[in-house]
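K.L.:
The structure's right below; bear with me while I get my questions together.
The values are calculated or read from the model by the stated rules, or taken from the named source; none is laboratory data. Treat the numbers as computed from the prediction; the structure is a model and nothing was measured. Cβ placement follows ideal geometry from the backbone for every residue including glycine, while neighbour counts extend to all protein chains displayed. Note: accessible area is taken over every heavy atom of the protein model, side chains too, but ligands, DNA and RNA are not part of it. Shrake-Rupley method; radii C 1.70, N 1.55, O 1.52, S 1.80 Å.
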Amino acid sequence: MLKQATLLCITLAMLTACASMDKSECLTADWRTIGFEDGAKGKNETAISEYRQDCADHGVTPDLTAYRRGHLEGAEQYCTHRNGFAVGRSGGSYQSSCPSALEADFLSGFRDGQQLYQLQRAVNAARSAFDKQQRLLTQLEQDIVVKTELLVEDGLTRDERIALLNEIEDAKHLLIETADYMPELEQNINRAEQALARGEKNFAKYQ
């Protein structure tokens with residue numbers, strides 16, 4: 001299981017929306033704390049430019065030194081090997097926020113996490129393709145039943161019956177093709193799931 005601190009980092013990393021600062025916030029801002037929070041979220045320290053822009057209208061200039069000091073402290077919590085894996089595994093992005101001394105370790109975990117993320121995406125895609133084909137199969141079966149019932153109703157012209165017969169035949173041919181394709185889609189799911197299982201085993205050290 002990931003440590004609680006790591007889970008917190010992941011949560012913070014997901015909060016990428018930028019919030020503007022009003023006059024009161026600019027006047028009372030603790031720039032070291034703001035820097036720490038941004039660093040712990042994995043935001044690049046260039047984020048201070050957003051605050052500078054917000055606060056300029058209120059005659060306030062952010063304390064860059066304090067912000068950078070706090071950002072470094074927050075980045076030290078975020079830029080770990082384990083958290084890099086967690087961010088990559090969740091499909092998160094890296095904003096080049098880690099100090100050079102920590103970046104290599106973070107990116108090593110991040111790339112491992114990305115591998116698992118891509119393997120999971122492959123499983124999801126394979127399952128989605130199978131489900132889509134299964135829905136098509138069900139729809140074709142229903143269409144054949146409905147049109148077969150229409151075929152015996154009174155009041156249809158000869159041309160209408162011929163058209164229905166043709167539609168039924170087309171649906172039957174497509175039904176056979178769809179059914180024949182299902183085993184291949186099942187195999188795709190199995191292969192993707194096996195690849196994911198191997199990946200999870202390879203990266204079990206992060207558990």
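K.L.:
Please verify whether Gln53 is at pLDDT 95 or above and open to solvent by 70 Å² or more (accessible area, probe 1.4 Å), treating the condition exactly as stated.
P.N.:
Numbers: at pLDDT 95 or above: no; open to solvent by 70 Å² or more (accessible area, probe 1.4 Å): yes.
Answer is no for this residue.
K.L.:
Does any residue in region 107-119 that is modelled with pLDDT of 95 or more and in a helix (DSSP H, G or I) come within less than 7 Å, Cβ to Cβ, of a residue that is surrounded by fewer than 16 Cβ atoms within 10 Å (Cβ to Cβ) and among the acidic types (Asp, Glu) six or more places away or on a different chain, and which pairs are these?
P.N.:
Note: pairs meeting the criteria are Leu116/Glu200.
Listed here are the residues, each with its yes/no results for (1) within 30 Å of Val87 (Cα to Cα); (2) open to solvent by 70 Å² or more (accessible area, probe 1.4 Å); (3) of a type in the set (Phe, Trp, Tyr).
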site: Val123; (1), (2), (3): yes, no, no
site: Ala129; (1), (2), (3): yes, no, no
site: Gln133; (1), (2), (3): no, no, no
site: Leu140; (1), (2), (3): no, no, no
site: Lys147; (1), (2), (3): no, no, no
site: Asp154; (1), (2), (3): no, yes, no
site: Arg161; (1), (2), (3): no, yes, no
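K.L.:
Which one of the conditions (1) part of a helix (DSSP H, G or I); (2) at pLDDT below 95; (3) acidic (Asp, Glu) does Glu193 fail to meet, given that it meets all the rest?
P.N.:
(2)
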